[in-house]
Amino acid sequence: MDNSLAMKDDIILTDAYQRQFSYLRLSITDLCNFKCSYCLPNGYEGKASQNELRLDEIKTLIASFAELGFKKIRLTGGEPSLRKDLLQVIDICKSQPGIEKVCITTNGYRLNHFLPQWIAAGIDQVNISIDSLSPEQFELITASSDLPMIIGALNRAIDGGFTAIKINTVLLREHRDSQVMPLIDWVKDKPIALRFIELMQTGDNGEFFNRQHFSADKVKDLLVDQGWTEKSRLIHAGPAVEYRHSSYPGSVGVIAPYSENFCDTCNRLRVTAQGQLHLCLFSEEGKDLRHLLQTTDSEPLTEFLRSSIYEKLPKHYLQQQKTGATRHFAMLGG
Ligand code: SAM
Ligand code: SF4
């Protein structure tokens with residue numbers, strides 16, 4: 001029997017459009033030490049302490065989502081590796097019955113140090129943001145000179161047998177020639193996943209977006225021309241359309257948020273580092289969950305989530321430049 005169908009039966013949270021939710025993206029800090037041109041071009045500007053969810057609050061939160069049939073948690077930020085108790089957060093998620101996959105998205109900061117620790121802690125997947133394989137362009141985009149260290153850490157993990165790695169690349173018009181084909185060539189001998197993400201407009205990056213956006217559909221066309229074929233979508237999968245090729249050990253995915261029907265398969269909810277529920281990446285507002293997290297009893301939150309889900313809109317309105325409350329992705333994890 002198809003395992004993905006078996007799992008579908010125990011997903012409880014369904015919205016007014018019959019979409020089922022099983023994937024939580026949890027931001028654990030707003031802080032970030034990179035200055036990605038599309039996200040925080042001036043770097044993180046807030047206060048150092050941002051009243052982040054405590055470990056006991058995270059425990060209640062995760063228990064509640066698990067009760068509702070959530071299977072996958074992605075830890076994100078800001079930069080999640082900046083949180084000193086990250087290993088404890090991973091442990092809370094891994095120990096929660098019902099949670100099958102605990103993933104993290106990182107900019108690669110001190111990856112040589114952290115990646116072996118996360119693997120030892122049982123992380124199920126690590127997404128690393130690499131927008132260019134050229135150290136100069138990488139630095140131009142992120143203001144970080146860490147690319148050689150990041151590639152070294154990644155290669156060591158693969159050599160050691162950890163291949164649950166995804167590379168996230170945000171497509172930028174100015175850099176596309178050094179992004180698309182060089183990255184596809186680079187993964188030819190790597191059993192990992194590469195994912196191209198179409199640049200999304202946010203409250204803060206309108207002018208940058210107008211200069212740098214180009215449609216991810218062009219990458220989809222290129223993949224098909226080169227003999228890649230689309231895979232069928234798994235139930236707890238993220239938003240990417242995934243492609244396979246007989247000459248490549250890994251896969252290439254494309255996230256095209258401006259494409260028609262993108263929101264029809266949405267299975268995700270987001271919680272910010274301060275415990276605000278965002279029903280969509282581009283919601284007009286967050287819903288405060290914090291008062292429901294001051295107890296080990298997960299039932300009040302479970303009830304709140306059951307009723308809130310009906311407020312989720314059928315789609316985002318990015319095509320109409322409606323970016324909601326999202327000034328940049330660092331504030332809710334992308
Ligand atoms: N700091 C970590 C990182 O960069 O991987 C995790 C948080 S970051 C907000 C999550 C993902 O969102 C990254 O892959 C980043 O490249 C992507 N991202 C940020 N802003 C974006 C935008 N405006 N459009 C598309 N992707 C974006
Ligand atoms: Fe930081 Fe990630 Fe935003 Fe880059 S994309 S500035 S690494 S939060």
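What to note about this one:
- Scanning the range 15-31 for residues that are open to solvent by less than 10 Å² (accessible area, probe 1.4 Å) and part of a strand (DSSP E or B) returns Tyr23, Leu24, Leu26, Ser27.
This table checks each residue for (1) farther than 24 Å from Asp56 by Cβ; (2) without any contact (Cβ under 8 Å) to a residue 12 or more places away in the chain; (3) hydroxyl-bearing (Ser, Thr, Tyr).
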position	(1), (2), (3)
Ser81	no, no, yes
Gly161	yes, yes, no
Asn168	yes, no, no
Leu171	yes, no, no
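- Within the range 308-323, if we keep just the residues that are open to solvent by less than 40 Å² (accessible area, probe 1.4 Å) and of a type in the set (Ser, Thr, Tyr), the residue that is farthest from ligand 2 (Cβ to nearest atom) turns out to be Ser308.
- For the range 172-193, a residue qualifies if it is polar (S, T, N, Q) and part of a helix (DSSP H, G or I), and exactly one does: Ser178.
- When the residues of the range 221-241 are filtered to those that are surrounded by 14 or more Cβ atoms within 10 Å (Cβ to Cβ) and modelled with pLDDT of 95 or more, the one that is farthest from Phe162 (Cα to Cα) is Leu222.
Here is a yes/no grid of residues against (1) within 13 Å of ligand 1 (Cβ to nearest atom); (2) touching a residue at least 60 places away in the same chain (Cβ under 8 Å); (3) crowded, with 21+ Cβ neighbours inside 10 Å; (4) part of a helix (DSSP H, G or I):
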site	(1), (2), (3), (4)
Ser283	no, no, no, no
His291	no, no, no, yes
Thr295	no, yes, no, no
Glu303	no, no, no, yes
Arg306	no, yes, no, yes
Ala325	no, yes, no, no
Ala330	yes, yes, yes, yes
Gly334	yes, yes, yes, no
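- Only listed residue being touching a residue at least 60 places away in the same chain (Cβ under 8 Å), among the aliphatic types (A, V, I, L, M) and under 30 Å from Glu174 (Cα atoms), chosen from Val219, Val252, Val224: Val252
- Arg54 touching a Ser or Thr at 6+ places or on another chain (Cβ under 8 Å) and charged (D, E, K, R): no
- Neighbours by Cβ (under 9 Å, 6+ apart or cross-chain): first from the range 29-43, without any contact (Cβ under 8 Å) to a residue 24 or more places away in the chain; second more than 9 Å from ligand 1 (Cβ to nearest atom): Asn42/Lys35
The values are calculated or read from the model by the stated rules, or taken from the named source; none is laboratory data. None of these values were measured; they are calculated from a predicted model. FYI the Cβ positions are ideal-geometry reconstructions off the backbone, even for glycines, and counts take in every protein chain you see. For the accessible areas, the whole protein counts, side chains as well, though only heavy atoms, and no ligand, DNA or RNA atoms are used. Shrake-Rupley method; radii C 1.70, N 1.55, O 1.52, S 1.80 Å.
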